[in-house]
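Following: one structure in structure tokens, then a few remarks.
The values are calculated or read from the model by the stated rules, or taken from the named source; none is laboratory data. Note that the structure is a prediction, hence the values are computed from the model and not measured. As a convention, Cβ positions derive from the backbone with ideal geometry for all residues, glycine included, and neighbour counts pool all protein chains shown.
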Amino acid sequence: MRLLDSLARLEEEEGLHLGRLLIILKAMSGQKLDQPIAGLTKLAKLDFLLRYPQYLERALQARHVNPKAVATEKHEKHSVESAMVRYRFGPWDQRYRKFLNLLSARGLVKVSIEGRKVLIFITDKGLQVANALASADAFALVDKRAQLLRHFDLTATNLMNFIYATFPEIASFRSGKAIR
């Protein structure tokens with residue numbers, strides 16, 4: 001029971017999620033401030049792969065990339081620390097807008113709208129924070145795995161289609177229920 005309590009508290013820790021999103025933005029920007037992630041859907045799919053290393057391994061295999069770089073630890077194969085929910089378009093965390101607002105208010109990201117698409121840019125300050133996080137032991141593995149996400153630098157639609165083709169079982173998860 002103590003482990004479940006710890007995992008529940010960890011899930012509520014916003015700093016963990018904010019840090020992970022900054023690491024994703026850093027990885028996908030290639031350290032360039034003018035390279036946004038185009039769309040919340042794309043951010044959600046990349047975050048899904050990062051939060052679930054067993055899925056990241058399978059996704060890398062599907063892209064013909066050696067999955068050993070994920071360095072999945074034994075405990076990660078049987079537990080999930082950060083549950084996502086199955087929505088109409090796959091795995092999603094309903095807090096992304098809140099997280100982006102928090103990151104934006106702190107000057108770590110810049111969010112703009114282009115047509116119907118949300119563009120998420122990491123700022124210079126955000127890049128500095130992300131680099132500091134990446135060098136900390138607690139985020140070192142997250143950063144290493146986030147670098148692997150560059151193999152999935154697809155449009156949001158193509159990434160969503162790839163996720164469904166690679167993980168058809170996601171479609172069978174009940175809508176509105178946590179993915180475990």
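Tabulated values for the structure
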quantity: Residue match in segment 98-109 (condition: under 24 Å from Gly30 (Cβ atoms) and assigned to a strand (DSSP E or B)); calculated: yes
quantity: Candidate set from segment 152-174 (those that are in a helix (DSSP H, G or I) and modelled with pLDDT under 85); member that is surrounded by the most Cβ atoms within 10 Å (Cβ to Cβ); calculated: Ile170
quantity: All positions within segment 105-126 that are farther than 16 Å from Gln35 by Cβ and hydrophobic (A, V, I, L, M, F, W, C); calculated: Ala105, Ile113
quantity: Residue check, Leu119 surrounded by 20 or more Cβ atoms within 10 Å (Cβ to Cβ), among the hydrophobic types (A, V, I, L, M, F, W, C), at negative phi and touching a residue at least 40 places away in the same chain (Cβ under 8 Å); calculated: no
quantity: Given (1) part of a helix (DSSP H, G or I); (2) at pLDDT below 90; (3) under 20 Å from Phe139 (Cα atoms); (4) not aromatic (Phe, Trp, Tyr), index of the condition Leu3 fails; calculated: (3)
quantity: All positions within segment 23-48 that are part of a loop (DSSP other than H, G, I, E, B) and within 14 Å of Ile113 (Cα to Cα); calculated: Pro36, Gly39
quantity: Answer residue from segment 127-151, given it is more than 16 Å from the chain's Cα centre (by Cα) and buried (at least 16 other Cβ atoms within 10 Å of the Cβ) and is farthest from Leu33 (Cα to Cα) among those; calculated: Val129
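Matching residues to (1) surrounded by 17 or more Cβ atoms within 10 Å (Cβ to Cβ); (2) modelled with pLDDT under 85; (3) hydrophobic (A, V, I, L, M, F, W, C):
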{"site": "Leu18", "(1), (2), (3)": "yes, no, yes"}
{"site": "Gly39", "(1), (2), (3)": "yes, no, no"}
{"site": "His75", "(1), (2), (3)": "no, yes, no"}
{"site": "Trp92", "(1), (2), (3)": "yes, yes, yes"}
{"site": "Arg97", "(1), (2), (3)": "no, no, no"}
{"site": "Asn101", "(1), (2), (3)": "no, no, no"}
